Amino acid sequence: MSWETVIGLEVHLQLATQSKIFSGSSTRFGAEPNTQASAVDLAMPGMLPVLNEQAVRFAVMFGLGIDAEIGRRSVFDRKNYFYPDLPKGYQISQFAEPIVGRGEFEITLEDGSTRSIGITRAHLEEDAGKSLHEDFHGQTGIDLNRAGTPLLEIVSEPDLRSATEAVAYLKALHSLVLYLGISDGNMAEGSMRCDINLSLRPAGSDTLGTRAEIKNVNSFRFVEKAIQFETLRQADILESGGRVVQETRLYDAERDETRPMRSKEVANDYRYFPEPDLLPVVLEESWIAQLRSELPELPPAKRARFVSDYGLSTYDAGVLVDSRALADYFEAVARDCGDAKIAANWVQVELLGQLNREDLDITRSPVPPTQLAGLIRRILDDSISGKIAKQVFEAMWQGEGDADQIIESRGLKQVSDSGKLEAMVDAVIKDSPDQVAQYRAADAGKQKKLIGYFVGQVMKASRGQANPGMVNQLLARKLGDNQQDA
Amino acid sequence: MSIGSDELSRIAELARLRVDSDELPALTRRLDDILGMVETLQTVDTEGVEPLSNPLDAHQPLRADVVTEGNRRSEFQSIAPAVENGLYLVPKVIE
């Protein structure tokens, strides 16, 4: 039987605030244990939470970024469970009235097609602390620095159908939050963690199968692998007539498998109820309008503009809008050199290629946009060929100066002097009697292929500096002329 | 509506309360009384009444995103039963 995979994702996004959501402790990553845990974070008696305005602002910006309904009034609730890294015995979260309601989110797949993924909701909550189970004489160590860090939990509809789609969704989400500047998006430090809800159903069915939840997967690659493993696991169970058990599983990257978390624990009943220590959050229309007007241009709009204004393909535009810094870099080059298509090509092929090889981010490119634009201008005015330009680019990367300096100091200027070129062409024709005879005997179609040999020889003689267009013209004329003479 | 002793045991476990089995019948009766009262409350017509999430007629004030708390770890840990390397120690929570 063929099965359809149905996936919904819950993403926990750490918001880029300076202080915690309900206390004035720092959220800085990597501090000594418990040095950023205040009386509020430790749940000392009598402590009260006070909500961080920036966390609210970031949540609303996200909602506006996906065109979602914004909760004009939202309410915090207590989610009750017992675990030592949750000192209060409850997590302050939002349940019935979240700050961000229903929205839509467009993802682009590798073949260029787009799909709209529903966002059920996004709500604010606090993170828990960290439990360290390593050797503390049979005890567990608790670090509460992370307790109270603001999170936005973004819940998707079960609209995703494969590991590829899930990863495309996460990458688009990652790109969006970086554009908005609401999170640092650092997955290695846990700024974006993902729970995967996955079930299978017979292809064509409308009802959902029993799902398993895979908790806390923290990289794109692991999300992909966890989904692939879990899909096969459930398919095996169903194929052999079994039933999938609804449970929470963990993905083990070392063994590349998912396995159940302890199942002896009684299914949690979180007993949500409104948090009496916080009042309802009410947002003013004018405040929301202000935030809306301040939103940056977001990836889908930017991609569409790159297609319409610069004539780029949807694919190329998609690559270039991946990050705000890359899009800005491309636009600076395009404006400066005046040819967006060549600019797009150079940024994507040479620049990104070199950046990837050296594992550098665009913001750390040794070649600034003005230099790349200067190089492209020299290609456009026929000072150098595309091939020589690559050499110049290499030299620019090594910090040898701008394009004009490198062309000058290395003597790379393209030879467009027709007298010089003619001499080279004549020499090549003279030295290649066999090829000339072959060319003359060939029909027009074959001649087009055979002329490549002569072009190659001239380029070689000129160390790549001959203007290829002029060489082609000269060769066609000379070889043709001689033929008529003969 | 009435509650069974299985259900009561489950609730007790979730709340981390130890309830001896000989206490169960009495507790079950008392909880049933409370549920009976809730049942009476549920007969009230609440059509058009906005759900109450807080009795105060006010909105949540927001604080500026500024770090105001310093490191007071040694004070807090001086009253903790067990600490090591800056961590609070608790009974092992995984096998």
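The values are calculated or read from the model by the stated rules, or taken from the named source; none is laboratory data. Note that the structure is predicted; figures quoted are calculated from it, not measured. We place every Cβ from the backbone using ideal geometry, glycine too, and count neighbours over all the protein chains shown. Side chains included, ligands, DNA and RNA excluded: accessible areas come from the protein's heavy atoms. Shrake-Rupley method; radii C 1.70, N 1.55, O 1.52, S 1.80 Å.
Based on the Cα atoms of the range A:297-410, what semi-axes does the equivalent ellipsoid have, where each is the square root of 5 times one gyration tensor eigenvalue, given in whole Å with the largest first?
For the range A:297-410, the ellipsoid semi-axes come out as 24, 16, 10 Å.
Would you mind working out the magnitude of the charge dipole of chain A relative to its Cα centre, with +1 at each Lys and Arg C-beta and -1 at each Asp and Glu C-beta, to the nearest 20 Debye? If you can, show how the numbers build up before the last one.
Working: 54 positive and 72 negative charges, 190 e Å.
Computed charge dipole of chain A: roughly 920 debye.
Could you give the dipole magnitude of the range A:156-216 about its Cα centre, charging the beta-carbon of Lys and Arg +1 and that of Asp and Glu -1, in debye to the nearest 20? Each step should come with its number before you reach the end.
Details: 6 positive and 8 negative charges, 31 e Å.
Once rounded to the nearest 20, the dipole reads 140 debye.
Could you give the distance between the Cα centres of the range A:97-124 and the range A:270-287, to the whole Å?
First find each Cα centre; the distance between them is then 24 Å.
Just to confirm the number: angle between the C-alpha axis of helix A:163-180 and the first principal axis of chain A, 0 to 90 degrees, nearest 10?
Helix A:163-180 and the main axis of chain A meet at about 90 degrees.
In whole angstrom, note down how far apart the Cα centers of the range A:434-458 and the range B:44-95 are.
Here the two parts' Cα centres lie 82 Å apart.
Hey, which of these cross-link pairs are over 30 Å Cα-Cα: A:Lys215/A:Lys302; A:Lys20/A:Lys171; A:Lys88/A:Lys215; A:Lys20/A:Lys215?
A:Lys215/A:Lys302
Taking only protein heavy atoms and a 1.4 Å probe, what accessible area per residue, in Å², does the protein assembly as shown have with all protein chains in place? Could the numbers behind the result be given before it?
Values: 30150 Å² over 581 residues.
Accessible surface, normalised per residue, equals 52 Å².
Okay, helix-only estimate at 222 nm for the protein assembly as shown: each DSSP H run of n ≥ 4 adds -39500 (n - 2.57), divide by all residues, round to 500 deg cm²/dmol; what do you get?
Values: 19 runs with 232 residues, N = 581.
Value at 222 nm, helices only, nearest 500: -12500 deg cm²/dmol.
Give me P(r) over the range A:418-485, computed from all C-alpha to C-alpha distances, binned every 10 Å, as integer percentages.
Histogram of Cα-Cα distances, whole percents per bin: 21, 60, 18, 0.
Do any residues of the range B:56-76 lose at least 50 Å² of accessible area when the full set of protein chains is present rather than just their chain alone, and if so which, with a 1.4 Å probe?
Correct list: B:His59, B:Gln60, B:Leu62, B:Arg63, B:Asp65, B:Val67, B:Glu69, B:Arg73, B:Phe76.
Hand me the GluC sites (Glu not before Pro) from the range A:107-203 located in a DSSP loop with no more than 15 other Cβ atoms within 10 Å, in residue order please. Mind dumping the intermediate values first?
Working: sites: A:Glu110, A:Glu125, A:Glu126, A:Glu134, A:Glu153, A:Glu165, A:Glu189; in loops: A:Glu110, A:Glu189.
Answer by residue number: A:Glu110, A:Glu189.
Could you please tell me the mean projected area of the C-alpha convex hull for the range A:1-145, averaged over all directions and given in square nanometres to one decimal? Could you put the intermediate results ahead of the total?
Values: hull surface 54.1 nm².
Computed as one quarter of the Cα hull surface, the answer is 13.5 nm².
Give the relative contact order (percent, whole number) for chain A; include only Cα pairs under 8 Å separated by 6+ residues. If you can, show how the numbers build up before the last one.
Working: 829 pairs, mean separation 66.0, N = 486.
That works out to 14 percent.
Could you work out the Kirkwood radius for chain A, taking every pair of different alpha carbons, averaging 1/r and inverting it, reported in Å?
On the way: mean 1/r = 0.0369 Å⁻¹.
Over chain A, the inverse of the mean reciprocal pair distance is 27.1 Å.
Mind grabbing the interface size between A and B? I mean buried accessible area, both sides, 1.4 Å probe, in Å² to the nearest hundred. Before the final figure, lay out each step's value.
Working: alone 24700 and 9590 Å², together 30150 Å².
The contact between B and A buries close to 4100 Å².
Kirkwood hydrodynamic radius, chain B, all distinct C-alpha pairs: what's the number in Å?
Numbers: mean 1/r = 0.0512 Å⁻¹.
Over chain B, the inverse of the mean reciprocal pair distance is 19.5 Å.
How large is the Rg to Rh ratio of the range A:3-289 when both quantities use alpha carbon positions and Rh follows Kirkwood?
Details: Rg = 19.4 Å, Rh = 20.0 Å.
That ratio equals 0.97.
Over the protein assembly as shown, what is the percentage of antiparallel beta bridges among all DSSP beta bridges, to the nearest 5?
The antiparallel fraction comes to roughly 90 percent.
Could you order A:Arg102, A:Arg201 by accessible surface area, starting with the largest, using a probe radius of 1.4 Å? Before the final figure, lay out the partial values.
Working: A:Arg102 95, A:Arg201 25 Å².
My answer, sorted largest first, is A:Arg102, A:Arg201.
Using a 1.4 Å probe over the heavy atoms of the protein chains, calculate the carbon and sulfur portion of the accessible area of the protein assembly as shown as a whole percent. Please list the in-between numbers first.
Details: 15120 of 30150 Å².
The value for the protein assembly as shown is 50 percent carbon and sulfur by accessible area.
Charges on Cβ only, +1 for Lys and Arg, -1 for Asp and Glu, centred on the Cα centroid of chain A; of A:Gly46, A:Val281, A:Leu380, which one is farthest towards the dipole's positive end?
Of A:Gly46, A:Val281, A:Leu380, it is A:Leu380.
Magnitude of the Cβ-charge dipole of the range A:354-485, K/R +1 and D/E -1, about the Cα centre, nearest 20 debye?
Details: 18 positive and 18 negative charges, 75 e Å.
For the range A:354-485, the charge dipole is close to 360 debye.
With only alpha-carbon pairs counted, each pair once and no self-pairs, how large is the Kirkwood hydrodynamic radius of the range A:208-309 in angstroms?
Numbers: mean 1/r = 0.0534 Å⁻¹.
Every distinct Cα pair counted, the radius reaches 18.7 Å.
Going down the list A:Lys341/A:Lys420; A:Lys413/A:Lys449; A:Lys341/A:Lys448; A:Lys225/A:Lys387, which pairs span over 30 Å between their C-alpha atoms? Show your work: numbers first, answer last.
Numbers: A:Lys341/A:Lys420 32 Å; A:Lys413/A:Lys449 27 Å; A:Lys341/A:Lys448 28 Å; A:Lys225/A:Lys387 41 Å.
Pairs exceeding 30 Å: A:Lys341/A:Lys420; A:Lys225/A:Lys387.
In peptide A:30-39, how many Cβ atoms from other protein chains are near each Cβ within 10 Å, on average? Numbers along the way, then the final one.
Details: counts 0, 2, 4, 7, 12, 6, 5, 6, 6, 4.
Taking all residues of A:30-39 together, the mean is 5.
Considering the dipole of chain A built from charges on the beta carbon (Lys and Arg +1, Asp and Glu -1) around the Cα centre, which of A:Ile92, A:Leu151, A:Ala317 is farthest to its positive end?
With unit charges placed on the Cβ atoms, the residue in question is A:Ala317.
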